[in-house]
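Each remark here refers to the structure printed beneath this line.
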Amino acid sequence: MALTTRKSLSGRKLMCIVAHPDDECYAFGGALALAAEEGVETYVICLTDGQAATNRGDAATSEHLGQMRRDEFADSCKVLGVTRHELLDYQDAQLEFADFSRTACLLVERIRAFQPDVVLTFNSDGGLNTHPDHAMVSCFASTAFHWAASAKRFPGAGPIFAPKRLFHVSTNYFLPERPAPLPPPYNIVLDIRSVFETKLEAFRQHTSQAPLMEKTKAIFAEHGHSEYYTLAAAIDPQPAPHLTSLFEGL
Ligand SMILES: [Zn+2]
């Protein structure tokens, strides 16, 4: 579809909160690339630098791997057209032990400052690979979405702000040879065919994770042309809508 035929969403903002470098493209790459094409300002926050990854490239130490993955995350965000990205200092594979209040506050502060219309994150099923860090980032980000709008929560973290929609990522398939998640019923199917190559190119920036890409190539080719989301919260009471865009009707 030519860009000129798309409705411009210039002035709209999307925040995506993830756990590891590569989540931004693996789980949310289509949504982020589409948003960038439509003129949406995007901000990706990643909580850890992925030091506990199984695939370690040529990293000699965990710190070295963390640094490599920080660079890969930055390159991937660039390919996806992400306006702003930030990688925090939480320990990979340890998010379940992170201080809940402190982490929620840190995200509330960023939501209030950026003022996104839409927030994207994982569901507490942990996503396709049921990673506990994905479940935890869902808890932190979803709570922060609600608390950003509450004057009673973290009054020192900036003026209150209510984003309009919170989406959790879902799926219509499972990974073979992996325990299956219990995914939330989705009510939005994003057609990402127009940005599918961009999503793959973003994944290729994660050179330390190349074996993962090789492993998931076939399943990506079969299922990767759509992304599935669930509207988890909205600014107005409403029945679950069927949407074709994260911003439809806003
Ligand atoms: Zn992850």
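The values are calculated or read from the model by the stated rules, or taken from the named source; none is laboratory data. Small disclaimer: the values here were computed from a predicted structure and weren't measured. Note: ideal-geometry Cβ built from the backbone for every residue, glycine included; neighbour counts use all protein chains shown. Areas reflect the complete protein model, heavy atoms only, side chains present, ligands, DNA and RNA absent. Shrake-Rupley method; radii C 1.70, N 1.55, O 1.52, S 1.80 Å.
Residues of region 19-52 being touching a Lys or Arg at 6+ places or on another chain (Cβ under 7 Å), within 15 Å of the ligand (Cβ to nearest atom) and open to solvent by 10 Å² or more (accessible area, probe 1.4 Å), which ones?
Within region 19-52, just 49 meets the criteria.
Kindly check whether there is at least one residue in region 3-13 that is in contact with a strand residue (DSSP E or B) (Cβ under 8 Å, 6 or more places away or on another chain), assigned to a strand (DSSP E or B) and at pLDDT 95 or above.
Checking region 3-13: at least one residue is in contact with a strand residue (DSSP E or B) (Cβ under 8 Å, 6 or more places away or on another chain), assigned to a strand (DSSP E or B) and at pLDDT 95 or above.
What's the number of the condition residue 172 fails, among (1) modelled with pLDDT under 95; (2) assigned to a loop (DSSP other than H, G, I, E, B)?
(1)
Let's see how each residue does on (1) more than 18 Å from the chain's Cα centre (by Cα); (2) farther than 17 Å from residue 24 by Cβ:
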{"residue": "155", "(1), (2)": "yes, yes"}
{"residue": "164", "(1), (2)": "no, yes"}
{"residue": "187", "(1), (2)": "no, yes"}
{"residue": "195", "(1), (2)": "no, no"}
{"residue": "218", "(1), (2)": "yes, yes"}
{"residue": "224", "(1), (2)": "no, no"}
{"residue": "231", "(1), (2)": "no, yes"}
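Is there a residue in region 46-58 that is among the charged types (D, E, K, R) and modelled with pLDDT under 95?
Checked against the condition, which is being among the charged types (D, E, K, R) and modelled with pLDDT under 95, region 46-58 yields at least one hit.
Just to check your reading of the model, which residue among 100, 114 is more than 13 Å from the chain's Cα centre (by Cα) and over 30 Å from residue 11 (Cβ atoms)?
On the way: 114 fails: over 30 Å from residue 11 (Cβ atoms).
Matching residue, one of 100, 114: 100.
Restricting to region 163-202, give me the number of residues that are open to solvent by 70 Å² or more (accessible area, probe 1.4 Å) and of a type in the set (D, E, K, R).
Start the filter on region 163-202 by keeping residues that are open to solvent by 70 Å² or more (accessible area, probe 1.4 Å), which leaves 172, 174, 176-179, 182, 185-186, 191, 193, 197, 201.
Filter again for of a type in the set (D, E, K, R), leaving 177-178, 191, 193, 197, 201.
Going through region 163-202 one residue at a time, the tally reaches 6.
Do you know which residues across region 92-136 are in a loop (DSSP other than H, G, I, E, B), within 16 Å of the ligand (Cβ to nearest atom) and open to solvent by less than 20 Å² (accessible area, probe 1.4 Å)?
92, 122, 126, 127
Pick from 143, 230: which is in a strand (DSSP E or B), of a type in the set (S, T, N, Q) and surrounded by fewer than 20 Cβ atoms within 10 Å (Cβ to Cβ)?
Going through 143, 230 in turn, just one is in a strand (DSSP E or B), of a type in the set (S, T, N, Q) and surrounded by fewer than 20 Cβ atoms within 10 Å (Cβ to Cβ): 230.
Report whether or not residue 215 is part of a helix (DSSP H, G or I) and exposed (fewer than 15 other Cβ atoms within 10 Å of the Cβ).
yes
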